[in-house]
Structure formats: C-alpha cells, structure tokens
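Reading through the structure tokens given below for one structure.
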Amino acid sequence: MEMKKLSDAELKRVQQYEVDVTLDPDTAHPSLILSEDGKQVHDGHVMKVLPDNPKRFTKYIFVLTRQSFSSGRFYFEVQVKDKTYWWLGVARESIDRKGGSMWTPETGYWTLLYYKDRFVFNDNPDVRLPLRAELQKVGVFVDYDEGVVSFYDVEARVHIYSATGCTFSEPLYPLLCPGRHDYGGNNSAPLIISPNQTD
C-alpha cells in the first residue's frame, strides 16, 4: 500500500478542524494514569480500586475523551514518540466497555494499532500497513457526514490510511490506548494529546 506524501496545504486543510479534547477519567481502565490536564495517559501497571461506572473500560486499557462529535469534521493529534505499542482512533458511544469484543468498524471502533512489527488498521480482516520509521505524532481526522476516518504521520506529512464509506449514527469519541509496558520500562512513555503548533 503506497503512503502518499502530503503538501503543507493538504495537511493544513485537515488541521483546520482541530478540536481541543481531554481524557475522561470516568472511562479510563483502572490501570491507566491520566495527567492532571487530561492530555496524557500511560499504563501504571497497578489496578486502582475505583467505583463501578458503566462508562469505564474494565477489560482493555482504553480511555475516551470527555468530548464527543455527532456531525461535521474534527481532527486531533497524539504524540506516540518513544512508544512500541499503542492504539488510537475513534469509537462510537455504544461500544462494549466491559467485554472483549473485536475492535472493528462493525463493533464501533475505527482504530490504528502499532505493536512491534505490526502496523494495522483494525478491520475484518485487518488492513496491514507499512511500518513508519520514527513515527512521532499521529493525526486523526473524521468527516462524520461523509463517513471518513483518516490517519496521518504528522511529522513526515504522510497520509497513512483512510477508512471510507463509514456509517455513523451516534456520537463518536476519540479513543487512546497506551499499551502495557514491561518491568524493564519499555513502552512506558505516555500518549500525549498534543495540539498542532503551526498556525
């Protein structure tokens, strides 16, 4: 699959729809640690004892943002620097937060997975993508009305993948998963919701 190099103008076209989002602690798996400002998340390796909440993920270490979107276009960027494992994308409001459903568009997930030698858009079957060297920041763009979810390598200005022909009928939430880290500290870096700095 060919990854298309973008011009500055093409990337700026989607970046103009950037939204300010913060992570929702009520949805965060008990082992996740969120920063005070709700912009960073990492695996804390310890399950916190938290009150039961129907919004909370209890099987997978996911977290959603407080903000959801039900129309129009939106875009956000996440720093993935120094990470060996992460999951990123959007999910619909009604996803199963307690069980182990597949993470496909059919079940309400439009996500990109990066893990060691795997780089895929989660679908049935998965769409394997070429690994990106030195991937530092991923941009996610959604056109709710047109049914498109696109992913970008921001630093290299490369279009990674677009899911098209999607049907959205309920609110969509940005979803982050920092992945587990081992006791050697590998993959301990946080995922950081990081606003685009260029105006």
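Here is the figure for region 83-121: residues that are closer than 16 Å to residue 136 by Cα, in contact (Cβ under 8 Å) with a residue 40 or more places away in the chain and not aliphatic (A, V, I, L, M) total 7. Scanning region 99-126 for residues that are open to solvent by 60 Å² or more (accessible area, probe 1.4 Å), outside any strand (DSSP E or B) and charged (D, E, K, R) yields a count of 4.
Just wondering, is there one or more residues in region 166-189 that are open to solvent by less than 50 Å² (accessible area, probe 1.4 Å), in contact with a Phe, Trp or Tyr (Cβ under 9 Å, 6 or more places away or on another chain), of a type in the set (S, T, N, Q) and assigned to a loop (DSSP other than H, G, I, E, B)? Within region 166-189, one or more residues are open to solvent by less than 50 Å² (accessible area, probe 1.4 Å), in contact with a Phe, Trp or Tyr (Cβ under 9 Å, 6 or more places away or on another chain), of a type in the set (S, T, N, Q) and assigned to a loop (DSSP other than H, G, I, E, B).
In region 92-107, is there at least one residue being out of contact with any Asp or Glu (no Cβ under 7 Å at 6 or more places or on another chain) and at pLDDT 95 or above? Within region 92-107 (the criterion being out of contact with any Asp or Glu (no Cβ under 7 Å at 6 or more places or on another chain) and at pLDDT 95 or above), the answer is no, since none of the residues qualifies.
Filtered by the rule that a residue be in contact with a strand residue (DSSP E or B) (Cβ under 9 Å, 6 or more places away or on another chain), open to solvent by 40 Å² or more (accessible area, probe 1.4 Å), more than 27 Å from residue 185 (Cα to Cα) and part of a loop (DSSP other than H, G, I, E, B), region 39-98 gives 55, 66, 67, 68, 70, 93.
State yes or no: is residue 146 part of a loop (DSSP other than H, G, I, E, B), touching a Lys or Arg at 6+ places or on another chain (Cβ under 7 Å) and either hydroxyl-bearing (Ser, Thr, Tyr) or under 22 Å from residue 18 (Cα atoms) (or both)?
On the way: part of a loop (DSSP other than H, G, I, E, B): yes; touching a Lys or Arg at 6+ places or on another chain (Cβ under 7 Å): no; either hydroxyl-bearing (Ser, Thr, Tyr) or under 22 Å from residue 18 (Cα atoms) (or both): yes.
Here the answer is no, as residue 146 does not meet what is asked.
Within region 156-199, the set of residues being more than 17 Å from residue 88 (Cα to Cα) and charged (D, E, K, R) comprises 157, 170, 182, 199. Of the residues making up region 144-164, just one is open to solvent by 20 Å² or more (accessible area, probe 1.4 Å), closer than 20 Å to residue 195 by Cβ and hydrophobic (A, V, I, L, M, F, W, C), namely 156.
Would you mention how many residues in region 127-143 are open to solvent by 50 Å² or more (accessible area, probe 1.4 Å) and either at pLDDT 95 or above or not in a loop (DSSP other than H, G, I, E, B) (or both)? Selection size over region 127-143: 1.
Tell me, yes or no, whether region 1-16 has at least one residue that is at pLDDT 95 or above, surrounded by 14 or more Cβ atoms within 10 Å (Cβ to Cβ) and assigned to a loop (DSSP other than H, G, I, E, B). No - not one qualifying residue is present in region 1-16.
Of all residues in region 190-199, those that are crowded, with 16+ Cβ neighbours inside 10 Å and assigned to a loop (DSSP other than H, G, I, E, B) total 3.
The values are calculated or read from the model by the stated rules, or taken from the named source; none is laboratory data. On a predicted model such as this, the values are computed, not experimentally measured, just so you know. Quick reminder, even Gly has a Cβ in these numbers, built from the backbone with ideal geometry, and neighbours come from all protein chains shown. Quick note on the areas: whole protein, heavy atoms, side chains included, nothing else; ligands and nucleic acids left out. Shrake-Rupley method; radii C 1.70, N 1.55, O 1.52, S 1.80 Å.
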